[in-house]
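Since the structure comes first, as structure tokens, the remarks are kept for the end.
The values are calculated or read from the model by the stated rules, or taken from the named source; none is laboratory data. Quick caveat: nothing in here was measured; it's all calculated off a predicted structure. Cβ placement follows ideal geometry from the backbone for every residue including glycine, while neighbour counts extend to all protein chains displayed.
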Amino acid sequence: MMKYLAFAVVFAIAATAHADGLVTVAQLHKVCSGSTNGDVAICTSFLAGVVGTVTGAAVQWGENGHEAKICIPEPGVKVGDVKDVFLSFVTRKHMLTHAKARELDAAATTLVAMYEAWPCPVN
């Protein structure tokens, strides 16, 4: 059985916010690529927060009969898996070479990367 995560609600909220005051793609990429204890702690905490928020939203989303958009294989993923997905996505999309992309909201970008990595099967 797959663990279902609905990113639609959280993504819609995150996408409407401005990058001012939020963690940007460039900032998250920097700490998630870093090797200091501080970098690892910040990256891990941020990504755990994104996954935790989405997991909580998925419960409510599913109870209301909505279809999930992100399906993480059971028994789940580790924060390191989400970090790898984020870093790979940012690299493949060349987000660090475009000024506007560097300033996008890191939480919303993480959700899009998760959606691409673990889409739910189409019924």
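Here are some notes:
- The residue list V9, V31 contains one member that is surrounded by 13 or more Cβ atoms within 10 Å (Cβ to Cβ), at pLDDT 95 or above and among the aliphatic types (A, V, I, L, M), which is V31.
- Residue that is buried (at least 17 other Cβ atoms within 10 Å of the Cβ), farther than 15 Å from T110 by Cα and modelled with pLDDT of 60 or more, where the choices are A41, A58: A58
- Cross-chain or 6+ apart pairs with Cβ under 9 Å, the range 16-31 first and in a helix (DSSP H, G or I), then modelled with pLDDT of 90 or more and among the aromatic types (F, W, Y): V25/F86; L28/F46; L28/F86; H29/F86; V31/F46
- Residues that are touching a Cys at 6+ places or on another chain (Cβ under 9 Å) and either among the polar types (S, T, N, Q) or in a loop (DSSP other than H, G, I, E, B) (or both) within the range 104-123 comprise W118, C120, P121, listed in sequence order.
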